[in-house]
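The numbers here are math on the coordinates, done by the rules we state, and not lab data. Nothing here was measured: the structure is a model prediction, and the numbers come from that model. Quick reminder, even Gly has a Cβ in these numbers, built from the backbone with ideal geometry, and neighbours come from all protein chains shown.
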Amino acid sequence: MKKIITAMSGGVDSSAAALILQNEGYTVAGGTLRLFDRPESGQCGKKCGSLKDISDAKSVCEKLGIEHYVFDYRDNFKKEVIDRFCDGYIKGETPNPCLECNRYIKFKGMIEQGEKLGFEGTATGHYVRREYDQGSGRYLLRKASDVTKDQTYVLYSLSQEILSRTLFPLGDLSKVEIRKLAEDYGLVNAKKAESQDICFVPDGDYASFLKRETGYVPKLGDFVLEDGTFVAKNKGIIHYTIGQRKGLGIAWEHPLYVISKNPQDNCVVLGKNEDLFSKRLEAYDVNFIAINELKAPMRVVAKTRYSQKEAQAVVYPLEKDRVIVEFSEPQRAVTPGQAVVFYKDDYLVGGGKILSAKE
């Protein structure tokens, strides 16, 4: 691939990816997906998806002397990301919309639109390394050289077709090196802060967002202990997540944590910190990158949160796209809707969505 359209979010990483490829002799353009509409304001200026981000991407492309394209994916984004996010929260999950966006929108969308314009593939600013294994004939994802920035966790769902047409120029570089490169070239976003919040809910008020999008208004329910003892009234399950302690508004003889949620009766079950630990989980919608399919138990290291430390585990195949993951040591706050991701050494084996935690 020598003609590449770079997915440009307006941030420094994707801008540096375009710059690096240009310096390596690729024919490069920048592409930005317009994903949703929301008013611009001071508090939203650092969140991905704003008009300021599109403007920054355009400015970088002008600086590099390359074309910049904006593609309207608002309808797709609502269907594949926002609607799934809302449905997950209402069902009592804690969804990660970035995973859905990577799977259904960003990579597929940029490749499809680039193909129409004559580009052979795409590139992104993710910190991850892609390799091709001659023996298996598969594209592999390897952790970034800068493990503090590694983003393999959010890319577990990518298909071999997507990987065959995607470059990751930042995999061998650190964030410090990327910022210096951008600054040396005078890019407008060299010092731009990273976005942290969910792009379409920049204020973190999920309840208000769900009401605006779906009309859903959370019903009051009960806080109860595992034995059914009533503790207090809750504001509705969407306001709480597994492992939460702060913001419950409860005075008790010992600290209480959210250990599970029941959307059927709107109950939030509370318990002690030690009640949050589970040794097994079931995951569904599993995708494998390093292998075609799992036919026998596999020893891996796995994690159930992006920033979580990896732990020894065994992955057991179930029917179709489901697995059981059994950890050597119990893991804290395993949360339905989040992802469990598996590794062998530096290589991403695959991952899936957490359906339930098991003792």
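What is segment 277-358's relative contact order, in percent, from Cα pairs under 8 angstrom and six or more apart in sequence?
43 percent.
Lys/Arg Cβ at +1, Asp/Glu Cβ at -1, dipole of the chain taken about the Cα centre: which of HIS239, CYS98, ILE324 is farthest positive-ward?
The residue sitting most towards the positive pole is HIS239.
What is the chain's relative contact order, in percent, from Cα pairs under 8 angstrom and six or more apart in sequence?
The normalised contact order for the chain reaches 16 percent.
For THR6, enumerate residues with amide H under 5 Å from its amide H, sequence gap 5+ or separate chain, H modeled in the peptide plane.
ALA29, GLY30, GLY31, ALA123
Order by neighbour count: LEU355, LEU256, fewest other Cβ atoms within 10 Å first, most last.
Going from sparsest to densest Cβ surroundings: LEU355, LEU256.
What spacing in nm lies between the two simple spin-label points modelled at SER136 and THR229, each 7 Å away from Cα in the Cβ direction?
Going by the 7 Å Cα→Cβ label model, 5.0 nm.
Under 12 Å from a point placed 7 Å out from the Cα of GLU177 along the Cα-to-Cβ direction: which residues of segment 123-148 have their backbone N that close?
Residues 128, 144-147 fall inside that zone.
For segment 213-254, what's the radius of gyration and Dmax over Cα atoms, in angstrom?
Here Rg and the maximum Cα pair distance are 11.8, 39 Å.
Cα centroid distance between segment 122-177 and segment 207-238, in Å?
40 Å
Using θ = phi - 60° and the Karplus relation 6.51 cos²θ - 1.76 cosθ + 1.60, list the HN-Hα couplings for segment 297-304 in order, rounded to whole Hz, with x at every Gly or Pro.
x, 10, 7, 9, 10, 9, 8, 10
Provide the net charge surrounding GLU213, with neighbours chosen by a C-beta distance below 9 Å and charges set as Lys +1, Arg +1, Asp -1, Glu -1.
With Lys, Arg at +1 and Asp, Glu at -1, the neighbours total +2.
Residues with beta-carbon under 11 Å from that of PRO169, excluding PRO169: net charge, scoring Lys, Arg +1 and Asp, Glu -1?
Net of charged neighbours comes to -1.
In deg cm²/dmol and to the nearest 500, what is the mean residue ellipticity at 222 nm of the chain if only DSSP H runs of at least 4 residues count, each as -39500 (n - 2.57), divided by the residue total?
Computed ellipticity for the chain at 222 nm equals -6000 deg cm²/dmol.
Ranking SER145, SER9, SER307 by Cβ neighbours within 10 Å, fewest first, what do you get?
SER307, SER145, SER9
How far, in nm, would the chain grow between LYS246 and ALA193 when pulled straight, counting 0.36 nm per residue and subtracting the alpha carbon separation?
Extra length from LYS246 to ALA193 when fully extended: 16.4 nm.
Dipole of the chain, Cα-centred, from +1 at each Lys and Arg C-beta and -1 at each Asp and Glu C-beta, to the nearest 20 debye?
The dipole magnitude comes to about 220 debye.
For ILE291, ILE20, ILE4, what's the fewest-to-most ordering of other Cβ within 10 Å of each Cβ?
ILE291, ILE20, ILE4
What are the principal axis extents of the Cα atoms in the chain, in Å, biggest first?
Principal extents (largest minus smallest coordinate, Cα): 67, 51, 34 Å.
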